[in-house]
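Novice: Have a look at this one.
The values are calculated or read from the model by the stated rules, or taken from the named source; none is laboratory data. Given the structure is predicted, the values throughout are model-derived calculations rather than measurements. Virtual Cβ from ideal backbone geometry, glycine too; neighbours counted across all protein chains shown.
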Amino acid sequence: MQRTSTPRCRPALPRVACAAAFAGAVLAAAAAPPEAAPYAPPAWPAGTGVGAGPTVASDPVRPLNLGKLRIVLETTQLAAVRSAVGAGTVVHQGNGSDALSFLCYTVADAAAPQRLWLTSSELAGGGKIDGIEAVELPSGTPVAPECPALPASFQPLRFDDGLWLGALSVEQKRAYGTAAQHGGAWSASYHEKHGSLDVVGSIALDLRKGRVVGLFVAHASQT
């Protein structure tokens, strides 16, 4: 999954343009390069990403709960998750601004098998998780050594707002509108300046027949 170096916002650069440049770099992970490691995180859905400005007024990114294990983006480290779960391997790919580290797990006993990736880009530093991807797998997909089974004690998986793969609630169907009814991609992005920090949060969903079959989250902060 390719990440690009992030432009720094200069005083002379208009805030909207600066936000777009920074946000675009955050989501440059939308295409996996040919040298991507086996079982690398998937690409974001076509047409999702960050435009010239924020599309929502509040940050859509929430902490992820693996059972009682709470993952806060830009705070929780890959090594801490690996230690707590007791399974998985932190994989490293790329160099410099293209560097990406990730953990991969399979939820084999879900109604539809699921695969989860926790990622740490060069922007995050120190192995801090700044991205989450998850997809539903075809029935019967085996657990791979590179993506071991997530123990039952670290299930269910849910963001703080209740979002995860699978069937949408009535409220979620209303929120996601046409994409929920007819299928397709839905995305939301956010940008705000907190003191000297530019904060970008983005989420994209792949929706089919009233279900979330792909979920993609990224969060980054930079001075």
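Novice: Being within 19 Å of the chain's Cα centre (by Cα), among the aliphatic types (A, V, I, L, M) and over 15 Å from A204 (Cα atoms) is the filter here; which residues of the range 133-166 pass it?
Specialist: Matches in the range 133-166: L137, L150, L157.
Novice: Taking the range 173-211 as the search range and keeping residues that are out of contact with any helix residue (DSSP H, G or I) (no Cβ under 8 Å at 6 or more places or on another chain) and aliphatic (A, V, I, L, M), which one is farthest from L137 (Cα to Cα)?
Specialist: L197
Novice: A further question on this structure: Inspect all residues belonging to the range 175-187 and state whether any of them is closer than 15 Å to P38 by Cα, touching an Asp or Glu at 6+ places or on another chain (Cβ under 8 Å) and assigned to a strand (DSSP E or B). Walk me through how you get there before you give the answer.
Specialist: Our first condition is that a residue be closer than 15 Å to P38 by Cα; within the range 175-187, this holds for none.
Checked against the condition, which is being closer than 15 Å to P38 by Cα, touching an Asp or Glu at 6+ places or on another chain (Cβ under 8 Å) and assigned to a strand (DSSP E or B), the range 175-187 yields no hits at all.
Novice: Restricting the first residue to the range 160-175 and requiring it to be without any contact (Cβ under 8 Å) to a residue 60 or more places away in the chain and within 15 Å of R62 (Cβ to Cβ), which pairs with a second residue that is aromatic (F, W, Y) and surrounded by 17 or more Cβ atoms within 10 Å (Cβ to Cβ) meet a Cβ separation below 9 Å and a spacing of at least six or different chains?
Specialist: Pairs found: A175/W186.
Novice: Against the definition (in contact with a Pro (Cβ under 8 Å, 6 or more places away or on another chain) and either farther than 30 Å from G88 by Cα or not aromatic (F, W, Y) (or both)), how does D198 come out, yes or no? Step through it out loud before you land on a result.
Specialist: Numbers: in contact with a Pro (Cβ under 8 Å, 6 or more places away or on another chain): no; either farther than 30 Å from G88 by Cα or not aromatic (F, W, Y) (or both): yes.
No; evaluated as a whole, the condition is false for this residue.
Novice: Looking only at the range 119-129, count every residue that is assigned to a strand (DSSP E or B), surrounded by 22 or more Cβ atoms within 10 Å (Cβ to Cβ) and modelled with pLDDT of 95 or more and tell me the total. Full working, then the answer.
Specialist: Residues of the range 119-129 assigned to a strand (DSSP E or B): 119-121, 128.
Those left that are additionally surrounded by 22 or more Cβ atoms within 10 Å (Cβ to Cβ): 119-121.
Still in the running and modelled with pLDDT of 95 or more: 119-120.
The number of residues fulfilling the criteria is 2.
Novice: Can you run down the residue pairs with Cβ atoms below 9 Å, 6 or more apart or on separate chains, where the first is in the range 181-197 and of a type in the set (D, E) and the partner is in a strand (DSSP E or B) and surrounded by 16 or more Cβ atoms within 10 Å (Cβ to Cβ)?
Specialist: That search, which allows pairs on different chains as well, returns E192/D198; E192/V199; E192/V200; E192/G201.
Novice: Now, a different point. List, please: which pairs have Cβ atoms under 7 Å, are six or more places apart or on different chains, and start with a residue in the range 73-87 that is under 18 Å from E146 (Cβ atoms) and end with one that is among the charged types (D, E, K, R) and surrounded by fewer than 18 Cβ atoms within 10 Å (Cβ to Cβ)?
Specialist: Matching pairs, first to second residue: none at all.
Novice: Moving to a separate point now. Can you find, within the range 135-163, the residue that is surrounded by the most Cβ atoms within 10 Å (Cβ to Cβ) among those that are over 12 Å from P113 (Cα atoms) and charged (D, E, K, R)?
Specialist: R158
Novice: Name, by its number, the condition in (1) buried (at least 21 other Cβ atoms within 10 Å of the Cβ); (2) among the β-branched types (V, I, T); (3) part of a loop (DSSP other than H, G, I, E, B) that does not hold for I132.
Specialist: Only one criterion is unmet by I132, namely (3).
Novice: Tell me, please, whether a residue that is outside any strand (DSSP E or B), at negative phi, within 18 Å of the chain's Cα centre (by Cα) and not hydrophobic (A, V, I, L, M, F, W, C) can be found in the range 188-200.
Specialist: As a first pass, look at the range 188-200 and keep what is outside any strand (DSSP E or B): 195-196.
Those left that are additionally at negative phi: 196.
Checking the rest, the ones that are also within 18 Å of the chain's Cα centre (by Cα) come to none.
The answer is no, given that none of the residues of the range 188-200 is outside any strand (DSSP E or B), at negative phi, within 18 Å of the chain's Cα centre (by Cα) and not hydrophobic (A, V, I, L, M, F, W, C).
Novice: Let me ask you something else. What about L205, is it within 17 Å of A111 (Cβ to Cβ) and not small (G, A, S)?
Specialist: no
Novice: Which count do you get for residues in the range 64-114 that are hydrophobic (A, V, I, L, M, F, W, C), at pLDDT below 95 and in a loop (DSSP other than H, G, I, E, B)?
Specialist: 5
Novice: In this structure, is A52 at pLDDT 90 or above, assigned to a loop (DSSP other than H, G, I, E, B) and either under 14 Å from the mean Cα position of the chain (by Cα) or more than 22 Å from L163 (Cα to Cα) (or both)? Before you say what the answer is, go through the steps one by one.
Specialist: Numbers: at pLDDT 90 or above: no; assigned to a loop (DSSP other than H, G, I, E, B): yes; either under 14 Å from the mean Cα position of the chain (by Cα) or more than 22 Å from L163 (Cα to Cα) (or both): yes.
Judged against the criteria, A52 is not a match.
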